[in-house]
Structures are given as C-alpha cells and as structure tokens.
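**Q** Can you read through this structure? Questions will come right after.
The values are calculated or read from the model by the stated rules, or taken from the named source; none is laboratory data. These figures come from a predicted structure and were not determined experimentally. Here the Cβ positions follow ideal geometry from the backbone for every residue, glycine too, while neighbour counts run over all protein chains shown.
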Amino acid sequence: MFVAATGIAAVWLRNLLASAMVLGIYSLLMASLWVVLDAVDVAFTEAAVGAGITTVLMLLAIALTGRHEKRRRARPWLPLATSLGTAGLLIYATLGMPAFGDANAPAQLHVAPYYLAHGQAETGVPNVVTAVLAAYRGFDTLGEVTVIFTAGIGVLVLLGGAKRRQRKETEPAAGDSA
Amino acid sequence: MSDFLVLRVIAKLLIPFILLFGFYVQMHGDYGPGGGFQAGVIVAAAFVLYAIVFDVKTARRVAPMAALVSLACLGVLLYAGVGVANLIYGGRFLEYGALAHDPAHGNHIGILIIEIGVGIAVAAVMMIIFFSFARRR
Amino acid sequence: MSAGHLPILQVAIPLIAAPLCVLLRRPGLAWAFTTLVSWALFAISILLLIRVLADGTISYHLGGWAPPFGIEYRLDAVNSFVLLVITGIAAVVTPYARQSVAQEIAAPRHNLFYALYLLALTGLLGITATGDAFNIYVFMEISSLASYVLIALGPSRRARAAAFQYLIMGTIGATFLLIGIGLLYMMTGTLNLADLSVRIHEVPDMRPIYAAFAFVTIGVLIKLALFPLHIWLPNAYTYAPTAVSAFLAASATKVGAYVLLRFVFTLFGQEFSFERMPLMEILMPLSLVAILVGSGVAIFQTNLKRLFAYSSIAQIGYLALGISFASTSGLTGAIVHIFNHAMMKGGIFLALGCIMLRTGSVELSALNGLGRRMPFTMAALVIGGLGLVGVPVTSGFVSKWYLVQAALEADLWPVALLILLGSLLALIYVGRVIEAAYFRTPAPEAPAYREAPWQMLLPTWILIAASLYFGVHTEITVGVAERAAATLLGGAS
Amino acid sequence: MDILNHINYWAAIALAAIGLYAVVARANLIKKLIGLSLFQTAVFLLFITVGKITGGTAPILDAAYEVYSNPLPHVLILTAIVVSVSTLAVGLALAIAIKRDYGTVEEDEIHAEDSAAGPDKA
C-alpha cells in the first residue's frame with residue numbers, strides 16, 4: 001500500500017517540486033507492482049517513462065513556472081462529488097466482476113488464448129506482447145507513434161517561436177484585442 | 001553546467017552503456033521485455049543525462065533541433081511506409097506477411113522494421129520535448 | 001493497389017502526409033500539399049459512400065488479421081456519411097486557410113500548423129472509420145492533442161488558457177471512455193465493436209456493463225460538449241484561429257455525435273440503452289436545456305465567434321435530442337443535422353474569418369454598416385444564420401422538420417414547442433447580426449473595408465450554397481440519413 | 001461476493017478517485033496535471049489487474065511455462081502510457097506558455113487577470 005501512500009502524498013504536498021518527486025516514486029512503485037502482475041513490458045515502460053521522462057519534464061516545467069502552489073479558499077463539493085461518484089460507479093462495477101486472477105474470467109477466454117497459441121507460429125516472435133503490439137494490433141501502435149509525434153510537433157509549436165511572440169504579448173491589451 | 005568532477009566522470013562512463021543498452025532493448029524486444037518505444041526512451045535518456053550533467057548547449061549541438069524534427073518524421077514515415085509497402089506487395093495495410101514468401105518470416109521482418117521506426121520517432125520526439133523545455137530557462 | 005484498399009487510404013494518407021508536411025518546410029508548399037491531400041480524401045470518401053450504398057457494409061481487416069483478433073475497419077451507411085462530411089469540410093476549409101492562417105499565425109511555423117491540422121483530420125477520420133473500441137480511443141487522442149495545440153495557436157493569450165481547460169476536460173473524458181472500454185473488455189474478452197455487440201448480451205452479471213455504459217456515455221458527452229459538460233467549448237472556439245474554429249466546429253463535435261450513435265445503437269443496442277438504461281430520460285432534458293441555454297446565452301454575446309460558439313452548444317442539443325428519441329425520424333433528423341450543421345456552421349465561421357481578415361475584429365460593433373462594404377461576406381453570414389434558425393428553404397429547416405416530427409410521433413408536443421422556442425431565440429441573435437450589418441451606419445472614422453479576397457469568399461460560399469441546395473433538394477441527404485438510421489435501429493435488434 | 005477478491009480493484013479505484021479529486025479541486029495547473037497523471041495510472045492498474053491469472057507468468061513464450069497472463073491488456077496499456085505521457089508533455093508546454101503570457105499558473109489568478117483585462121474581447 002506504499003503506492004496509495006505516495007499517491008496521496010503527491011496530491012497533498014504543496015511544494016510542487018516534492019510533489020513531482022513523489023510522483024516519480026509512485027511510478028516506480030507502480031512499475032514493481034506490474035512486475036508482480038506479470039506485465040513486464042508495461043513495467044519497463046512505466047519505469048522509463050513515469051519515473052524517468054515524466055519526472056524530468058515535470059521538474060523542468062516547475063523550474064519555469066514556480067515551485068509553490070498557492071493556498072486558496074476550499075470549495076471541495078464539486079470535486080468531491082466528481083471523484084466519489086466515479087469511485088462509487090467503479091465499485092458498483094467491481095461487484096459484478098470475476099474474482100482477481102480467475103483463469104476462467106471472460107477476458108481470458110476469448111481473444112487472448114488465440115494470441116498465446118498462434119502468436120509465435122504466425123509472427124515468429126516469442127514475446128506475445130510484442131507480437132500483439134506490432135502485428136495483430138499494429139495499427140494501434142501506428143496510432144500510438146502518431147500520438148507521440150503529434151505531441152512532439154505540438155510542444156515545438158507551443159514553445160518554439162516563443163521569443164517573437166513574447167514581445168507581442170507583453171502588453172495584455174494589445175494581445176487581447178488582436 | 002555542473003562542476004562536480006565525480007558526476008562528470010560517471011556520466012561519461014555511463015552514457016555509452018546506456019546507449020548500448022538502448023540498442024539491445026531495441027533489437028531484443030522480440031524475445032524479452034522491451035521494444036522500440038522503451039529503446040527510444042532510453043536513448044533519449046542518455047542525451048538528457050548528457051545535457052543535465054554537461055551543458056544543454058553542447059547537447060543541442062550534438063543533436064540539433066532541425067535534425068531531430070526530421071528524424072521524428074522519418075520514424076513515423078518508416079512505420080507507415082511499411083504499411084504502404086505491404087499494399088504494393090499485394091497485401092493489406094500493415095500485412096507484413098506479404099514482405100517475404102513465408103508469412104511468419106515476413107512478419108518478423110516487418111516487426112523489426114516498424115520497431116526501429118518507433119524507436120527513432122520516440123527518441124527524437126522525447127529529445128524535442130526535452131530541449132524545448134530546457135531552452136526556455 | 002485496388003479500390004479495395006480505399007478504407008485504409010482514407011486514414012493513412014493524411015497520417016503519412018503530416019510528417020511529409022513538416023519536412024516540406026516552405027509554408028506555401030505545405031499549404032498546397034495539404035489542399036491536394038484534403039481533396040484526394042474527399043474524392044475517396046465519395047467513392048466509399050457510393051460503394052457502401054450499393055454493396056452494403058465494407059469490412060477491411062488491417063494487417064490481414066481476421067477480427068476480432070486484429071483491428072477491423074467497418075464502414076456502413078452511418079460512418080461513410082460522416083466521413084463524407086468531415087472530408088468535405090476539410091476540402092473546403094484547407095484552401096481557405098492560407099490567408100487566414102497567414103494573418104493569425106507567425107510564419108515560420110506554418111508547415112507545423114498544417115501538419116497538426118492533418119493530424120487532427122487523421123484522428124477524426126480514424127475514429128469514424130474504425131470498428132475497434134480501443135482504436136477509437138487512440139485516434140481520439142491524436143485528434144484531441146492536435147486540436148489542443150491548434151486552439152492554443154490563437155492570437156490572444158486566452159487561447160492558451162482555453163486550450164488548457166480543454167486539455168484537462170478532454171483527457172478526463174478520454175480516460176472515462178478508456179475505463180468503459182476496459183470494463184467491456186473485462187466482461188467480454190473482445191474489443192471489436194461488432195463482436196462486442198453480440199457478446200455483451202451474454203454476460204452473466206450485467207453490473208459492470210451498466211457502469212461501462214455510464215462511463216462511455218459521459219466520456220463521449222464531454223467530447224460532444226453537451227450541456228453541462230460544454231464549458232470548454234465557448235472559449236476554445238472563440239480564441240482559436242478562425243480557420244481552426246471553422247474546422248473544429250464543423251467536424252469535431254459531429255464525430256462526437258457519431259461516436260455516441262455508434263456506442264448507443266450499434267454496441268449496446270437500442271433496447272439496452274433506452275429500456276434498461278434511462279438514456280432517453282437523461283439525454284432529452286439535457287439537450288432541451290442545452291438548446292435553450294445555448295441560444296439564450298448567445299443572445300447576450302458581443303463577440304461573434306463566442307456568439308456562434310454558444311449557438312453550437314444549442315445545435316449540439318438538437319443533435320442529442322434527435323438521438324434521444326431513438327426513432328427513425330429522430331435519428332434521421334440527427335444524422336441530417338450532422339451534415340447540415342457542418343455546412344452552416346462551417347460557412348458561418350469562414351465568413352467570420354473574412355470579417356476578421358478585413359476589419360481585424362469579430363466584435364458585433366465591427367459589423368456596423370458592413371452589409372454594404374462586404375456584401376458577399378455578410379450575405380453568407382446572414383444566410384448561414386437563418387439556417388441556424390431553421391427558416392424554410394435552408395437546410396436547417398429540414399433537420400428541424402424531422403425533429404419536430406419525431407417529437408410529435410412520440411406524443412411529446414411540449415418538446416416540439418421547445419424546439420420552436422429555440423428557433424425563436426436563434427432568430428433574436430441572428431437578428432442582432434442583421435441589424436448591425438444592414439441597419440447601422442459605420443462609425444465615421446472607420447476605414448472603408450474592401451470585400452474579402454475570392455480565395456476566401458469562394459470556400460465560404462461553397463458551404464453556404466451547399467446548405468441552401470440541400471435545404472431544397474433533400475433526396476440525397478435525407479435518403480442517406482434514413483438508410484443510416486435504419487442501419488442503426490436495425491443493427492440493434 | 002467475496003470482498004478479498006476485489007481488493008486490488010478497490011485500491012486502484014481509490015487512487016483514481018484521489019487523482020480525479022486533485023484535477024478538479026486544485027487551482028495550480030501543474031498540480032492538475034499531476035492529478036491527471038495519477039488518475040490515468042490508476043486506471044491502467046485496473047486494466048493490468050484484469051489480465052492477471054493466478055499462477056501465470058509474463059506472456060513471453062517458453063517451454064518451461066504453461067500458464068501465461070493475458071497479453072492484451074498489457075498491449076493496450078503500453079499504448080495508453082504513451083498517450084498519457086504525450087498529453088502530459090503538451091499540458092506542461094501549455095502551462096509554460098500560460099506562465100509566459102500571464103505570469104502565473106494559478107487558475108483563479110488567470111481568471112482574475114482575464115476579467116481585469118476588460119470584458120471578453122477576442
């Protein structure tokens with residue numbers, strides 16, 4: 001339950017720098033949890049992305065935007081309702097779910113066994129995750145690469161030509177009536 | 001940027017190994033955990049480490065933004081290009097089986113190429129994002 | 001390559017074109033290339049629609065893997081019609097974009113702008129064409145990420161704040177959709193929509209499916225911007241570059257409506273959605289409130305882009321209302337409205353772009369006397385606005401006709417009255433535009449604005465003319481919409 | 001219904017609720033993104049939990065094992081992680097741009113600046 005503790009800490013801390021660090025630790029713990037759940041590929045990715053890249057980006061961004069979160073008047077009703085509503089709906093859903101680790105749950109019976117049985121023969125790749133990722137659901141992965149490409153171009157556009165625009169934006173009135 | 005000698009020496013020692021590990025992960029994705037995405041992130045991490053320990057400016061000279069942007073495009077095009085090649089060889093889009101006489105073999109080749117495409121694109125984009133953030137300091 | 005590959009080309013071409021566009025570097029070249037691509041896509045979508053109408057559903061197995069193991073593209077009358085709308089809008093907006101973008105966005109980034117525009121298009125087309133639940137999520141994120149950045153490129157700094165708000169809400173929506181898809185997978189073991197629609201009814205314990213239904217619906221409603229989940233929309237449309245506003249207003253929410261249709265009717269089935277789940281009881285009041293509040297707030301706006309953004313909220317209300325009837329005429333109305341509203345709103349935002357280009361403002365006061373100075377632009381704006389009201393001869397009338405008919409069929413005459421009330425409210429805000437443009441004299445110090453250039457006027461008028469043409473000749477649009485409605489309702493039982 | 005069987009799900013749900021709360025409640029844009037990240041990761045945990053089979057191993061085929069956990073959720077979550085980090089990158093870039101334009105990343109201060117700058121000009 002370390003994971004939960006770090007999760008809460010990440011939200012609670014008002015020092016954003018510490019908060020981002022804790023988020024990194026949370027990711028790392030999550031990755032180990034996924035090894036326990038047999039998702040080694042996912043764990044690897046989470047460790048590299050969540051604990052690595054995300055933390056670096058967070059720290060850079062915080063360095064640019066200021067590290068302290070300001071306290072403000074609490075009006076917790078809407079957020080509380082949203083999050084409790086979501087949680088309640090999910091818990092309701094779990095009541096009808098198959099037990100954890102059940103080999104006969106519907107999710108394990110339909111498509112998945114096919115991948116395990118035919119994956120290596122049809123693709124020549126013993127890592128079934130890679131086989132599904134690159135072959136059976138290869139188009140999703142193309143989409144995934146496109147998503148990250150979009151993000152790269154997007155960041156470039158947002159932060160690229162900053163200098164010229166900064167001059168224009170110094171007078172808010174001029175910027176707003178453009 | 002940093003004057004800590006120990007840090008510099010360790011980083012210098014580590015970076016080649018990180019890169020090597022990245023290539024290992026890239027090529028070994030078929031058999032163990034890993035693949036293009038993870039490899040891309042690791043390679044990018046090596047550059048990020050270099051930039052943090054030494055100097056963002058030097059790191060940028062090693063990997064100029066224009067080259068990174070071209071590489072990112074190239075990665076996506078490599079992946080999608082495999083799909084188009086399949087069409088030309090008479091298969092469906094991304095039907096790697098059409099690449100060789102034996103479908104399983106064709107699949108293996110196809111997976112290898114697209115994983116390389118993923119690796120290039122991811123490494124390039126990660127560095128684009130990092131440098132865009134770091135530049136504004 | 002034979003015609004059999006058209007479904008994938010529809011999505012793969014813009015996907016490949018986007019990185020090429022980045023590599024082209026020269027803004028003019030990137031623009032010309034994007035224009036060519038969008039026309040090619042429009043041609044492909046016409047061919048696809050013709051084929052679907054002639055031969056029925058097309059199924060394309062990506063990678064040659066048979067569904068449900070691989071990803072399937074599945075085109076029927078519904079989504080090939082939506083594809084036609086999106087590519088049609090893109091084919092008109094792209095040639096228009098050049099001058100508008102040149103004015104509103106700094107030059108060195110134009111090739112990146114067009115790349116993002118193509119990516120947004122890729123995402124929208126991908127969502128529409130696919131027959132796989134998770135694939136919807138992936139392509140939704142492509143289009144969303146590209147749209148966030150496109151909106152943030154608006155000239156005012158508020159564009160950035162609006163884009164951030166959209167990013168937060170959009171991501172929550174997408175994650176809700178992901179939860180829903182996860183629950184569905186958990187209980188059925190498949191991600192293929194056609195396969196899901198069968199297996200979903202064999203699940204022993206329905207509770208996770210109920211929850212999945214709730215999550216998917218809420219997630220999609222955020223993307224669709226139905227009241228009260230609309231709060232991201234007015235700012236996003238107001239502060240985005242005008243060409244982006246036009247493109248998104250005409251296409252993005254339409255795709256949201258399509259996804260809702262797909263999940264509610266094809267996947268869950270009409271019987272499940274409306275009899276076991278209270279979808280009608282929830283959707284109908286919300287859409288009526290959306291119509292009244294959207295139109296009501298629009299009346300008090302002085303910024304024209306914001307005015308028509310609120311009017312979009314009202315129009316989304318009409319769309320959702322049509323869906324909530326779950327009857328042939330209701331669905332026909334909704335699907336026809338997807339088409340008609342895309343034409344009208346696209347035309348209106350393009351006209352606003354012309355005004356922006358010449359006067360540098362889209363305040364209501366900037367319109368004073370513009371009816372004489374920019375007659376063609378203003379005429380387009382007014383005709384588009386009358387379409388929103390639902391005046392006969394415009395295509396807006398056709399959609400409203402079907403909606404009112406659906407309300408009367410369902411013995412809900414108060415709903416029919418509210419639809420008419422919404423039209424009255426729309427008449428008020430369109431009236432304000434007409435008044436400013438034709439009955440007020442320009443301020444004496446105002447420069448004599450010239451008419452917008454033909455490269456921008458022509459696309460604007462193509463959309464407006466289409467909305468007039470299809471207001472009179474309804475055989476094509478209504479014909480296809482009726483087939484689509486029949487597909488949705490028939491596929492449900 | 002055996003409660004112990006669902007404890008993993010519930011842990012994930014609790015995390016998701018915390019993250020979502022942070023997104024809606026906090027005014028700091030960076031904190032919102034942290035919350036968003038938390039929320040998404042918790043949802044991923046939910047997915048991965050679905051794929052686990054008791055006694056199974058990681059789905060890399062080998063003669064030594066017979067029972068493997070379900071690979072499909074892993075694939076989906078790999079994609080979803082990439083999507084979430086992309087979203088995060090764009091979100092942070094937007095936050096930086098907002099800081100540049102407004103000088104703050106607190107939501108209420110941004111609203112205050114906007115209303116101070118005059119009523120709703122384009």
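**Q** Just give me the residues in the stretch A:12-54 being over 30 Å from A:Val128 (Cβ atoms) and not aromatic (Phe, Trp, Tyr), in sequence order.
**A** Those that are over 30 Å from A:Val128 (Cβ atoms) and not aromatic (Phe, Trp, Tyr): A:Leu13, A:Arg14, A:Asn15, A:Leu16, A:Leu17, A:Ala18, A:Ser19, A:Ala20, A:Met21, A:Val22, A:Leu23, A:Ile25.
**Q** Moving to a separate point now. Among the helices (runs of 4 or more DSSP H) contained in the stretch A:25-124, which hold 2 or more residues that are more than 30 Å from B:Gly106 (Cα to Cα)?
**A** Of the helices (runs of 4 or more DSSP H) lying wholly inside the stretch A:25-124, those with at least 2 residues that are more than 30 Å from B:Gly106 (Cα to Cα) span A:55-65, A:77-95.
**Q** Okay, moving on. Exactly one of (1) more than 19 Å from the chain's Cα centre (by Cα); (2) of a type in the set (Gly, Ala, Ser); (3) surrounded by 24 or more Cβ atoms within 10 Å (Cβ to Cβ) is unmet by C:Ser327. Its number?
**A** Here C:Ser327 meets the rest and fails (3).
**Q** Here is a follow-up. Do you know which residues across the stretch B:58-89 are facing chain C (nearest Cβ under 10 Å) and under 13 Å from A:Leu156 (Cβ atoms)?
**A** B:Ala66, B:Val69, B:Ser70, B:Ala72, B:Cys73
**Q** Is there a residue being farther than 17 Å from C:Leu364 by Cα, among the aromatic types (Phe, Trp, Tyr) and surrounded by 24 or more Cβ atoms within 10 Å (Cβ to Cβ) anywhere in the stretch C:305-321?
**A** Initially, the stretch C:305-321 is screened for residues farther than 17 Å from C:Leu364 by Cα, giving C:312-321.
Remaining after also requiring among the aromatic types (Phe, Trp, Tyr): C:318.
From what's left, surrounded by 24 or more Cβ atoms within 10 Å (Cβ to Cβ): C:318.
Scanning the stretch C:305-321, I find at least one residue that is farther than 17 Å from C:Leu364 by Cα, among the aromatic types (Phe, Trp, Tyr) and surrounded by 24 or more Cβ atoms within 10 Å (Cβ to Cβ), so the answer is yes.
**Q** Also, I was wondering about something else. C:Ala129 versus (1) over 21 Å from B:Arg92 (Cα atoms); (2) crowded, with 24+ Cβ neighbours inside 10 Å: which is the lone unmet condition?
**A** Here C:Ala129 meets the rest and fails (1).
**Q** Kindly check whether there is at least one residue in the stretch D:40-49 that is under 27 Å from C:Met140 (Cβ atoms), touching a Pro at 6+ places or on another chain (Cβ under 7 Å) and of a type in the set (Phe, Trp, Tyr).
**A** yes
**Q** Further question: Can you spot a residue in the stretch A:96-115 that is within 24 Å of B:Ile113 (Cα to Cα) and either under 25 Å from the mean Cα position of the chain (by Cα) or facing chain C (nearest Cβ under 10 Å) (or both)?
**A** Checked against the condition, which is being within 24 Å of B:Ile113 (Cα to Cα) and either under 25 Å from the mean Cα position of the chain (by Cα) or facing chain C (nearest Cβ under 10 Å) (or both), the stretch A:96-115 yields at least one hit.
**Q** Something else now. Could you pull out the residue among C:Ala452, C:Ala448 that is outside any helix (DSSP H, G or I), small (Gly, Ala, Ser), over 23 Å from the mean Cα position of the chain (by Cα) and buried (at least 21 other Cβ atoms within 10 Å of the Cβ)? Lay out the reasoning, then the answer.
**A** Numbers: C:Ala448 fails: buried (at least 21 other Cβ atoms within 10 Å of the Cβ).
Sole residue among the options that is outside any helix (DSSP H, G or I), small (Gly, Ala, Ser), over 23 Å from the mean Cα position of the chain (by Cα) and buried (at least 21 other Cβ atoms within 10 Å of the Cβ): C:Ala452.
**Q** Okay, moving on. Are any of the residues in the stretch C:285-308 outside any helix (DSSP H, G or I), closer than 25 Å to C:Ala77 by Cα and hydroxyl-bearing (Ser, Thr, Tyr)? Break it down stepwise before answering.
**A** Restricting attention to the stretch C:285-308, the residues satisfying the condition of being outside any helix (DSSP H, G or I) are C:300-303.
The next check asks that each one be closer than 25 Å to C:Ala77 by Cα; those that pass are none.
Looking for residues that are outside any helix (DSSP H, G or I), closer than 25 Å to C:Ala77 by Cα and hydroxyl-bearing (Ser, Thr, Tyr), one finds none in the stretch C:285-308, hence no.
**Q** For C:Thr35, all conditions in the list (1) part of a helix (DSSP H, G or I); (2) under 26 Å from the mean Cα position of the chain (by Cα); (3) crowded, with 20+ Cβ neighbours inside 10 Å hold save one; what is the number of the exception?
**A** (3)
**Q** Hey, could you check the stretch C:390-414 for residues that are within 21 Å of C:Ala298 (Cα to Cα) and not hydroxyl-bearing (Ser, Thr, Tyr) and say which is surrounded by the fewest Cβ atoms within 10 Å (Cβ to Cβ)?
**A** C:Val391
**Q** For the structure I just gave you, tell me whether C:Ala379 is farther than 15 Å from C:Leu352 by Cβ and in a helix (DSSP H, G or I).
**A** Answer is no for this residue.
**Q** Give the residue, chosen from D:Tyr65, D:Tyr102, that is at pLDDT 80 or above, more than 13 Å from the chain's Cα centre (by Cα) and among the hydroxyl-bearing types (Ser, Thr, Tyr). Show your work before the answer.
**A** On the way: D:Tyr65 fails: at pLDDT 80 or above.
When all the criteria are applied, what remains is D:Tyr102.
**Q** Can you confirm whether C:Ile218 is crowded, with 24+ Cβ neighbours inside 10 Å, touching a residue at least 12 places away in the same chain (Cβ under 8 Å) and either of a type outside the set (Val, Ile, Thr) or at the interface with chain A (Cβ under 10 Å from one of its Cβ atoms) (or both)?
**A** In short, no.
A quick yes/no check of all residues on (1) surrounded by fewer than 24 Cβ atoms within 10 Å (Cβ to Cβ); (2) closer than 27 Å to C:Ile464 by Cβ:
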| position | (1), (2) |
| --- | --- |
| C:Ala54 | yes, no |
| C:Gly63 | no, no |
| C:Pro67 | yes, no |
| C:Ile86 | no, yes |
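**Q** Taking B:Ala44 as meeting all but one of (1) at the interface with another protein chain (Cβ under 9 Å from one of its Cβ atoms); (2) among the small types (Gly, Ala, Ser); (3) closer than 30 Å to C:Leu6 by Cβ, write down the number of the exception.
**A** The one condition B:Ala44 does not meet is (3).
**Q** If you don't mind, another one. Identify, please: which residue in the stretch C:186-208 is in contact (Cβ under 8 Å) with a residue 12 or more places away in the chain and touching a Phe, Trp or Tyr at 6+ places or on another chain (Cβ under 8 Å) and is, among those, nearest to D:Thr49 (Cα to Cα)?
**A** C:Leu191
**Q** Can you tell me which of A:Thr150, A:Thr123, A:Thr141 is over 30 Å from D:Gly103 (Cβ atoms), out of contact with any strand residue (DSSP E or B) (no Cβ under 6 Å at 6 or more places or on another chain), of a type in the set (S, T, N, Q) and at pLDDT 80 or above?
**A** On the way: A:Thr150 fails: over 30 Å from D:Gly103 (Cβ atoms); A:Thr123 fails: at pLDDT 80 or above.
None of the other options fit; the residue is A:Thr141.
**Q** While we're on this one: Give the residue that is farthest from the other protein chains (Cβ to nearest Cβ), with candidates limited to residues of the stretch B:90-102 that are of a type in the set (A, V, I, L, M) and part of a loop (DSSP other than H, G, I, E, B).
**A** Here the residue is B:Ala100.
**Q** Would you mind finding the one in D:Val83, D:Val43 that is among the hydrophobic types (A, V, I, L, M, F, W, C), under 24 Å from A:Leu89 (Cβ atoms), touching a Ser or Thr at 6+ places or on another chain (Cβ under 8 Å) and at pLDDT 80 or above?
**A** After ruling out the rest, the residue left standing is D:Val43.
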